[in-house]
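Presented below is the structure to which this report refers.
The values are calculated or read from the model by the stated rules, or taken from the named source; none is laboratory data. Treat the numbers as computed from the prediction; the structure is a model and nothing was measured. Here the Cβ is made from the backbone with ideal geometry for all residues, glycine too, and neighbour counts use every protein chain on show.
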């Protein structure tokens, strides 16, 4: 079974092709709001180099966010379009899960923090379990200081990861009993998406392209500005 995986929830465009649950090729590009320019050429390049045609795909997998509005729209719209054109299902996986999953072998509580701009972050906590990670609580949005206060009160050993940690390191360095994962682990992994989505396809946990919805935790800047102007 062959899958295409896409994640554009952060400034990084991630694309992977997988066969039987393993990534056979991956492309990652950081272009700061150039998702629409980078995504389709990245897919075309990867298919060409891996020798896998789109018509051989069994499903398309995509990161659902939370994340940057423009990036999410590009990735989800592209996934829908490809799946509809090929008459194949689509699998959506929250993007914070894709940051946490590669760290499943740690003995610490994994805290994924993604930059939400406007001095806020998206975050979620994950407990390593046999074969993966299990999320504790809901996906949330808060200020970096509020996240530090939350996990400081727990008193647990935590592993901080995500581009939100990098963007607000002056705040997160105050969190006691915390270790920071390297910048190479800061963004959603398209290879992790291949693994997680393949298992879901095998369990038939997918949806029709038209039913795919992004995970938004707040309104877009345009909507907020529209309300501010009283429109």
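Okay, here's what the table says:
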{"quantity": "Selection from segment 151-180 of residues that are closer than 22 Å to residue 9 by Cβ and surrounded by fewer than 20 Cβ atoms within 10 Å (Cβ to Cβ)", "calculated": "166, 167, 169, 171, 180"}
{"quantity": "Extreme residue, modelled with the lowest pLDDT, among residues of segment 55-82 that are surrounded by fewer than 19 Cβ atoms within 10 Å (Cβ to Cβ) and out of contact with any strand residue (DSSP E or B) (no Cβ under 7 Å at 6 or more places or on another chain)", "calculated": "70"}
{"quantity": "Only listed residue being outside any helix (DSSP H, G or I), surrounded by fewer than 20 Cβ atoms within 10 Å (Cβ to Cβ) and either in the same structural domain as residue 164 (by TED's automatic domain parsing) or out of contact with any strand residue (DSSP E or B) (no Cβ under 6 Å at 6 or more places or on another chain) (or both), chosen from 44, 37, 32", "calculated": "32"}
{"quantity": "Where a residue in segment 163-177 is in contact (Cβ under 8 Å) with a residue 60 or more places away in the chain and its partner, wherever it lies, is part of a loop (DSSP other than H, G, I, E, B), with Cβ under 9 Å and at least six apart", "calculated": "163/10; 163/11; 163/186; 163/187"}
